[in-house]
Amino acid sequence: MIFHPLGKYILLLKAVFRRPEKWNIYRREIFHEMNSIGVGSLGIIAIISVFLGAVTTVQTAFQLVSDLIPKSVIGSIVRDSSILELSPTISAIVLAGKVGSSVASQIGTMRVTEQIDALEIMGINSPGYLILPKIIGGIVTIPMLVIISIGLSIFGGYLAGTASGAVTAQDFITGITTDFNPFTFTVSMVKAVIFAFIITSVSAYQGFYTDGGALEVGQSSTKAVVISCIAILFADYVIAQLLL
Amino acid sequence: MIEVKNIHKTFGENHVLKGISADFKEGMCNLIIGGSGSGKTTLLKCMVGLHEPEEGSVIYDGRDFTRMNFETRIEIRTEIGMLFQGSALFDSMNVEENIMFPLNMFTDQHRKEKLERVNFCLERVNLAGKNKLFPAELSGGMKKRVGIARAIAMNPKYLFVDEPNSGLDPKTSIVIDDLIQELTEEYKTTTIVVTHDMNSVMGIGENIIFLHQGEKWWEGSNKEISDTDNEELNEFVFASKFMRALQKNKK
Ligand SMILES: Nc1ncnc2c1ncn2[C@@H]1O[C@H](COP(=O)(O)OP(=O)(O)OP(=O)(O)O)[C@@H](O)[C@H]1O
Ligand SMILES: [Mg+2]
């Protein structure tokens with residue numbers, strides 16, 4: 001049951017990575033996608049990141065009841081959980097909703113209004129032209145969004161910690177600057193790239209194989225979000241197992 | 001010339017094309033006519049490879065399209081221009097970009113040259129100066145005409161048009177028919193027009209194929225079409241009172 005769509009998905013990807021007809025047209029599309037995926041998602045990523053850090057700080061402080069543990073640990077925990085899990089994964093889930101649904105409905109609309117057929121007739125490799133710029137645009141910009149998210153999450157933690165008095169500014173900064181393991185950042189970026197690929201390719205697949213009319217476009221876009229989210233969490237687990 | 005040989009196409013249980021064979025000649029308007037749902041669009045899509053027929057072959061000037069792979073098909077596809085029944089303009093591009101798109105993709109012309117070509121095509125469909133409008137800002141008939149302009153942008157050797165006249169007023173409709181015929185004669189294109197408009201049939205129907213329930217029911221020219229004793233065809237041709245009166249007069 002799962003193998004038929006999986007095979008179709010792999011065949012579609014094969015078509016996506018065919019040699020482009022004209023690089024300069026693809027380049028223009030890639031910049032366009034980078035703008036719409038990256039710049040277009042900055043606002044929402046900024047807002048959720050600050051809150052993620054803030055909540056993590058407050059809850060970590062609540063769980064640290066023992067006086068034997070230095071308060072600076074809060075800073076370290078916020079830093080590591082932001083880098084390793086919160087920023088890449090939660091951002092990816094949010095982006096699956098925002099970017100995934102728009103990719104699926106955009107491509108799905110082109111399918112049901114025969115715009116994809118029109119591309120095919122001209123002799124254009126439609127999966128390549130429509131999907132490759134989105135995948136590249138996502139893979140380039142989503143890791144940047146995750147880096148911004150990490151920064152803002154730690155900043156949010158700092159704000160919440162000092163404002164609530166759970167941890168002093170001094171302790172928090174000591175926490176985030178001690179025992180930093182750069183490998184966690186590598187893992188975070190690996191996650192971001194893979195999640196970006198999942199969001200763009202899965203949603204494009206759902207849109208590309210939309211069959212019917214406007215109603216089906218809506219269904220494709222819902223399916224794109226649901227399947228992307230599941231795939232992201234599954235991949236999250238696999239990456240954690242393999243790399244940590 | 002395009003030869004179609006014994007094309008069969010089924011959608012699930014629905015046997016839409018039941019062994020269609022026909023020759024479409026170059027420098028001539030070849031019409032496919034028939035009632036709604038008779039399989040006209042499906043036949044067109046089988047010919048250009050948007051549907052894969054279960055059986056049969058489509059041969060473009062000796063080149064067997066149905067047996068080709070993606071790469072070799074591209075060569076023929078760059079020689080094809082097609083107007084879709086629903087126009088299929090790219091929503092994200094304005095009129096000018098729509099028509100310029102195939103030129104951008106497949107030629108190395110300078111922008112000025114391409115723009116000249118776009119304006120030339122727009123003039124021919126009576127839409128000069130509408131370059132910057134987006135598809136959402138066009139009427140149905142205007143979309144059709146932009147679709148035709150896009151289809152002829154690359155000077156196609158094979159021109160497919162699915163219902164060029166639906167949604168057009170009678171006057172524009174004749175302009176479009178004349179345009180299609182002119183282009184066909186001028187560039188010796190093999191033109192295939194799907195229509196159920198009797199005015200077009202009488203106007204440009206040099207070679208007509210009548211489809212009925214997925215079969216080729218009749219074949220001939222506009223000079224012969226009113227004199228057949230084919231019952232289904234007569235029902236189609238003389239559906240309007242006007243045409244019936246015409247027939248009575250003739251007798
Ligand atoms: N993609 C498809 N999937 C399933 N059935 C289809 C599909 N396309 C067409 N059909 C069926 O094939 C038959 C012929 O459709 P087609 O679009 O070729 O008709 P048509 O002659 O172009 O009609 P019209 O003049 O209304 O455009 C119809 O019964 C239709 O239901
Ligand atoms: Mg049709």
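The condition of being on the phi > 0 side of the Ramachandran plot and in contact with a Leu (Cβ under 6 Å, 6 or more places away or on another chain) holds for only one of B:Gly62, B:Gly34, that being B:Gly34. Within the stretch B:200-215, the set of residues being touching a Ser or Thr at 6+ places or on another chain (Cβ under 7 Å) and more than 16 Å from ligand 2 (Cβ to nearest atom) comprises B:Gly205, B:Glu206, B:Asn207, B:Ile208.
Suppose the filter is over 14 Å from the mean Cα position of the chain (by Cα), touching a residue at least 12 places away in the same chain (Cβ under 8 Å), more than 12 Å from every other protein chain (Cβ to nearest Cβ) and within 16 Å of ligand 1 (Cβ to nearest atom); does B:Leu168 pass it?
Yes.
Restricted to the stretch B:15-40, and to residues there that are open to solvent by 40 Å² or more (accessible area, probe 1.4 Å) and within 12 Å of ligand 1 (Cβ to nearest atom), the residue that is farthest from the other protein chains (Cβ to nearest Cβ) is B:Lys18.
In the set B:Glu219, B:Glu185, B:Glu215, only one residue is within 30 Å of B:Ser139 (Cβ to Cβ) and at pLDDT 90 or above; that residue is B:Glu185. Among the residues here, B:Lys216 qualifies as of a type in the set (Lys, Arg), within 16 Å of ligand 1 (Cβ to nearest atom) and not in a helix (DSSP H, G or I). Considering the stretch B:58-90, the residues that are at the interface with chain A (Cβ under 7 Å from one of its Cβ atoms) and part of a loop (DSSP other than H, G, I, E, B) include one that is surrounded by the most Cβ atoms within 10 Å (Cβ to Cβ), namely B:Ala88.
Candidates are the residues of the stretch B:47-101 that are of a type in the set (Gly, Ala, Ser) and over 24 Å from B:Leu138 (Cβ atoms); the one that is farthest from ligand 1 (Cβ to nearest atom) is B:Gly62.
The criterion of at least 1 residues that are within 14 Å of chain B (Cβ to nearest Cβ) and surrounded by 22 or more Cβ atoms within 10 Å (Cβ to Cβ) is met, among helices (runs of 4 or more DSSP H) falling completely within the stretch A:51-164, by A:101-112, A:115-122, A:126-164.
Comparison of B:Ser173, B:Ser200 shows that the only residue that is small (Gly, Ala, Ser), part of a helix (DSSP H, G or I) and in contact (Cβ under 8 Å) with a residue 40 or more places away in the chain is B:Ser200. Taken over the stretch A:1-26, the residue count meeting the criterion of being under 22 Å from B:Thr107 (Cα atoms) and of a type in the set (Ser, Thr, Tyr) is 1. Just one of the numbered conditions (1) away from ligand 2 (no atom under 16 Å from the Cβ); (2) more than 16 Å from the chain's Cα centre (by Cα); (3) touching a residue at least 40 places away in the same chain (Cβ under 8 Å) is not true of B:Leu17: (1). The residues on offer are B:Ile74, B:Ile33, B:Ile80, and the sole one that is more than 16 Å from ligand 2 (Cβ to nearest atom) and touching a residue at least 40 places away in the same chain (Cβ under 8 Å) is B:Ile80.
The values are calculated or read from the model by the stated rules, or taken from the named source; none is laboratory data. All of these numbers come straight from a predicted model, not from anything done at the bench. Backbone-built Cβ (ideal geometry, glycine too); neighbour counts: all protein chains shown. Areas reflect the complete protein model, heavy atoms only, side chains present, ligands, DNA and RNA absent. Shrake-Rupley method; radii C 1.70, N 1.55, O 1.52, S 1.80 Å.
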